Amino acid sequence: MNKSTGHKLATRCIHAGNTVDAATGAVVPPIVTSTTFEQPAFGEPGPFVYSRASNPTRDALERLVAELESGVRGLAFASGMAATATILELLDAGDHVIAPADIYGGTLRLFSEVRTRTFGLEFSFVNFCDLAEVERAIRPNTKLFWVETPTNPLLRIMDLEATVALARGHGVLVAVDNTFATPCVQRPLEFGCDIVMHSTTKYLGGHSDVLGGLNVVADEELGRRMVSMRSAVGGVAGPFDAYLTLRGVKTLALRMERHQANTMVMARWLDEHPKVEQVYYPGLDSHPQHALAAKQMDGFGAVVSFVLRGGLAEVGTFMNALDVFTLAESLGGVESLAGHPATMSHSNLTAGRRAQLGILDNLIRLSPGIEDIDDLLADLDYALAGC
Ligand code: P1T
C-alpha cells in the first residue's frame, strides 16, 4: 500500500514509492548486485530479468522520485548527461528541438556538438523567457522543447504553464531539467510538462558522493518508450549508486529548507556588498522573473550567482581566500561550493558565446551548503575584503 499519498512533500521524501523491501520487511531497500535473475520456468520470467532493464534497488529509487515528481514512471541513469541523452533517443533523425541558449554547458555540448553531428537532430537556441521568440522558432519538424529552470548559472526562470500551452498547440513534447529546483521546490509535471530530468549528482544525492541522473515521465506510453530506449543504450544507474541516491532523497526536504534559507540570506547580503556588481537569485525582488518564480516554485532554489567587481585576477584572489566554501565544480551538496562558470561548467563554450549569454569572466556561482550561515557570510566577507 502506498503510505504517502496525500501527504506533504517532507513526508513523501521518506515514504513515497513504498521502498520498504516486500520480501524481508527491511525498511532500507537492499542493494541487489545480481546482474541476472532466475526464471521460475521456461518462458515465464519473474518481475526482474536482467539488471540493465530493471533492478530492485534502482526500482526503489525510481518509484520514490517518480512519486515526488507526480509522475508515473522514473528511470535512473549513470549520470545526468545519460538521462538527457536518453530523452533525445525518443526523437528521429531530422527532428528539431528548441532549447534556451543559457543552460548547463554540458547539455549545450551534447546538443550542438554531438547530436547534431551523429543523429542529424536540429537545434534552435532561443531566449525561452520570451515565448514569442520560442513560437517563431517552431518548425514543422519541431518535436521537443528542452527547458531548464532555474537556469545554470544565471538563474533565469521559464514559464512552465505557458510553455506547455504553446507546446500543446503544436504537438511538441516538453522536457524540463529540474536539477536546480528539485521536486521539493518545483514539479513541472503538475504544469502539464511531459518529462522531468535531474542530475541527481546534485541535490537529490545531496552529499557530493554519487553521480546520477533520473527522468520521470507523466505518461505510461512515454515511460515504456523511454525504458526501451534506456535498455537499448544502457546508461543505467548501478545498484550501489541507486542506493546512495535513494538515501540522499530521504533527507531532501530537510536539506532544501536549510540550503534555501542560507541562500536567501546570502543573496541579500551580497546584494548590499560594495565589491559585488550584480546578484542573480530568483528570490530577490529585483530578479526580473521574481513574480513568476514565486508563482510556479515553492521557494527559490539554492544557487546564487554574482558578478564580482574586477576581472579574473580578483576572481582568483576571492576564490583562493575562501575557507569554508570549497572551490569546485558541481553544486547541491551539504558543503558550500564556489564555482567559476567560465572555466568550469561553461568552459566548453567559446568566450564570445559566453559573453553573449552574460556568463562573464567575473561571474561566480555559489552553492551554499547547510553549514551555519554566520560562518558562510564571514567566509565571503573575508574573501571579498581581499579583492
Ligand atoms: O554531471 P551530470 O550528473 O551528468 O549532470 C549534468 C547536468 C545536467 N543539468 C544541470 C542543470 C547540471 O547542472 C548538470 C551538471 N552540472 C555541473 C556539473 C555544474 O557544475 O554545473
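The values are calculated or read from the model by the stated rules, or taken from the named source; none is laboratory data. This structure is a prediction, so every number in the text was calculated from the model and none was measured. Don't worry about glycine lacking a Cβ; one is built from the backbone with ideal geometry, like all the others, and counts go over all protein chains shown. Surface accessibility is based on the protein's heavy atoms, side chains included, excluding ligands, DNA and RNA. Shrake-Rupley method; radii C 1.70, N 1.55, O 1.52, S 1.80 Å.
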Candidate set: the range 105-151, residues that are open to solvent by less than 10 Å² (accessible area, probe 1.4 Å) and out of contact with any strand residue (DSSP E or B) (no Cβ under 8 Å at 6 or more places or on another chain); chosen: the one farthest from the ligand (Cβ to nearest atom)
Pro150
Residues that are within 21 Å of Gly301 (Cα to Cα), outside the structural domain of Met297 (by TED's automatic domain parsing), under 19 Å from the mean Cα position of the chain (by Cα) and among the hydroxyl-bearing types (Ser, Thr, Tyr): does the range 85-101 have at least one?
no
When you scan the range 56-64, do you find a residue that is basic (Lys, Arg) and over 22 Å from Asn215 (Cβ atoms), even just one?
no
What are the pairs, 6+ residues apart or on separate chains, where a residue within the range 308-327 that is without any contact (Cβ under 8 Å) to a residue 40 or more places away in the chain has its Cβ under 6 Å from a residue that is among the hydrophobic types (A, V, I, L, M, F, W, C) and not in a helix (DSSP H, G or I)?
Thr326/Leu337; Leu327/Ala338
Flag for Thr201 being open to solvent by less than 10 Å² (accessible area, probe 1.4 Å) and of a type in the set (Ser, Thr, Tyr)
no
Given the conditions (1) surrounded by 14 or more Cβ atoms within 10 Å (Cβ to Cβ); (2) within 19 Å of Gly311 (Cα to Cα), and given that Gln356 satisfies all but one, which numbered condition is not satisfied?
(1)
Residues in the range 337-368 that are away from the ligand (no atom under 14 Å from the Cβ) and part of a loop (DSSP other than H, G, I, E, B) total 6
Quick one: how many residues across the range 280-305 are crowded, with 23+ Cβ neighbours inside 10 Å and more than 18 Å from Ala181 (Cβ to Cβ)?
0
Phe318 vs (1) open to solvent by 10 Å² or more (accessible area, probe 1.4 Å); (2) outside any strand (DSSP E or B): all pass except (1)
Tell me, please, whether a residue that is under 26 Å from the mean Cα position of the chain (by Cα) and over 21 Å from Arg225 (Cα atoms) can be found in the range 42-65.
yes
Closer than 26 Å to Pro341 by Cβ and either touching a Phe, Trp or Tyr at 6+ places or on another chain (Cβ under 9 Å) or of a type outside the set (Phe, Trp, Tyr) (or both), is that true of Ala93?
no
Restricted to the range 9-38, and to residues that are at negative phi and small (Gly, Ala, Ser), which residue is surrounded by the most Cβ atoms within 10 Å (Cβ to Cβ)?
Ala16
Members of the range 169-206 that are of a type outside the set (A, V, I, L, M) and more than 14 Å from the ligand (Cβ to nearest atom):
Gly169, His170, Gly171, Pro183, Cys184, Arg187, Glu190, Phe191, Gly192, Cys193, Asp194
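Yes/no per residue for (1) in a strand (DSSP E or B); (2) open to solvent by 50 Å² or more (accessible area, probe 1.4 Å); (3) over 20 Å from Leu154 (Cβ atoms); (4) touching a residue at least 12 places away in the same chain (Cβ under 8 Å):
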{"site": "Phe180", "(1), (2), (3), (4)": "no, no, no, yes"}
{"site": "Val185", "(1), (2), (3), (4)": "no, no, no, yes"}
{"site": "Glu190", "(1), (2), (3), (4)": "no, yes, yes, yes"}
{"site": "Asp209", "(1), (2), (3), (4)": "no, yes, yes, yes"}
{"site": "Val216", "(1), (2), (3), (4)": "yes, no, yes, yes"}
{"site": "Leu246", "(1), (2), (3), (4)": "no, no, yes, yes"}
{"site": "Met266", "(1), (2), (3), (4)": "no, no, no, yes"}
{"site": "Trp269", "(1), (2), (3), (4)": "no, yes, no, yes"}
Could you list all residues from the range 17-76 that are in contact with a Pro (Cβ under 9 Å, 6 or more places away or on another chain), aliphatic (A, V, I, L, M) and modelled with pLDDT of 95 or more?
Ile31, Val32, Ala60, Leu61, Val65, Leu68
